[in-house]
1. Please find, within the stretch 61-72, the residue that is farthest from PRO102 (Cα to Cα) out of those that are surrounded by fewer than 20 Cβ atoms within 10 Å (Cβ to Cβ) and in contact with a Phe, Trp or Tyr (Cβ under 9 Å, 6 or more places away or on another chain).
2. Conditions: (1) free of Cβ contacts under 8 Å to residues at least 40 places away in the same chain; (2) charged (D, E, K, R); (3) farther than 22 Å from GLU24 by Cα. ARG130 meets all but one. Number of the miss?
3. Take the stretch 114-137 and flag every residue that is buried (at least 24 other Cβ atoms within 10 Å of the Cβ), over 11 Å from the mean Cα position of the chain (by Cα) and outside any helix (DSSP H, G or I).
4. Sort out which residues of the stretch 1-26 are among the acidic types (Asp, Glu), within 18 Å of SER154 (Cβ to Cβ) and not in a helix (DSSP H, G or I), and write them in order of number.
5. Looking only at residues in the stretch 160-196 that are in contact with an Asp or Glu (Cβ under 8 Å, 6 or more places away or on another chain) and over 22 Å from PHE34 (Cα atoms), which one is surrounded by the fewest Cβ atoms within 10 Å (Cβ to Cβ)?
6. Can you go through VAL58, VAL29, VAL44 and tell me which one is of a type outside the set (Ser, Thr, Tyr), in a helix (DSSP H, G or I) and crowded, with 21+ Cβ neighbours inside 10 Å?
7. Filter the stretch 61-77 down to the residues that are of a type outside the set (A, V, I, L, M) and in a helix (DSSP H, G or I), then identify the one that is farthest from THR195 (Cα to Cα).
8. List the residue pairs whose Cβ atoms are under 9 Å apart, where the first residue sits in the stretch 164-189 and is more than 17 Å from GLY113 (Cα to Cα) and at pLDDT 95 or above, the second is aromatic (Phe, Trp, Tyr) and not in a loop (DSSP other than H, G, I, E, B), and the two are 6 or more positions apart or on different chains.
Amino acid sequence: MDDSYLTDYFKDIEKIAQRLDLEEIERAVSALSFARDNGFGVKVVGLGGSAANASHFVTDLRKLCGVRAECLTDNIGEFTAWANDSSLDDSFANMIRSNQQPRDTILVVLSVGGGDLVRGVSVSLLNAMRTAHELGLTIISIVGRTEGYAAKFSDVTIIVPEVNSTYVTPYSESFQSVVCHAIVFHPKMLKGKPTW
């Protein structure tokens, strides 16, 4: 059996874990715990696999941490209504504007690339971040690229270090989940008790 692929894959996982910026994760924890403790709301967004991670993160934030949080892609009816009546690129931005509460203070963005207008990639996320800036929201991003919009314009940027360009997407999306769980189970955040 040729196991070189799996050996290399999991060696990469070790390298990424060792290179994560723990101070930046602590900054995210501080912002989210402050929001929770003061009754502020958190919006979380992602596309593709990152949307699934966003939904999971919001579930944990609500259930285990007592955060008033919402995942924008969990409301597929509103998301597609805005896409149909306005544009897909502006769907998240319109959702943020239309549902913005006075005590909503954070937008969390989960993305591999973080949005690139020139390449036309994840433009809906990029526009969501622009709208968040206009509304004065703090932006926390967990991304796998340093050159995307999120990495450049977020207040807190957690970069999944690139150790192998072939696997940027699976490593980025895997570590979104790892980082989100680290945040949720941080002593400053955890309020509920998981079953296991």
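The values are calculated or read from the model by the stated rules, or taken from the named source; none is laboratory data. What you are looking at is a predicted structure, and each value in this text was computed from that prediction instead of being measured. Note: ideal-geometry Cβ built from the backbone for every residue, glycine included; neighbour counts use all protein chains shown.
1. For the stretch 61-72, the residue satisfying everything is LEU64.
2. It fails just one condition, (3).
3. GLY115, SER122
4. Of the stretch 1-26, the ones among the acidic types (Asp, Glu) are 2-3, 8, 12, 14, 21, 23-24, 26.
Filter once more, so that each one left must be within 18 Å of SER154 (Cβ to Cβ): 21, 23-24, 26.
Answer for the stretch 1-26, where residues must be among the acidic types (Asp, Glu), within 18 Å of SER154 (Cβ to Cβ) and not in a helix (DSSP H, G or I): just ASP21.
5. Going through the qualifying residues, I end up with ASN164.
6. Details: VAL29 fails: crowded, with 21+ Cβ neighbours inside 10 Å; VAL44 fails: in a helix (DSSP H, G or I).
Only one candidate qualifies: VAL58.
7. That would be GLY77.
8. Between residues of the stretch 164-189 that are more than 17 Å from GLY113 (Cα to Cα) and at pLDDT 95 or above and residues that are aromatic (Phe, Trp, Tyr) and not in a loop (DSSP other than H, G, I, E, B), the close pairs are CYS180/PHE57; HIS181/PHE57; ILE183/PHE57; VAL184/PHE57.
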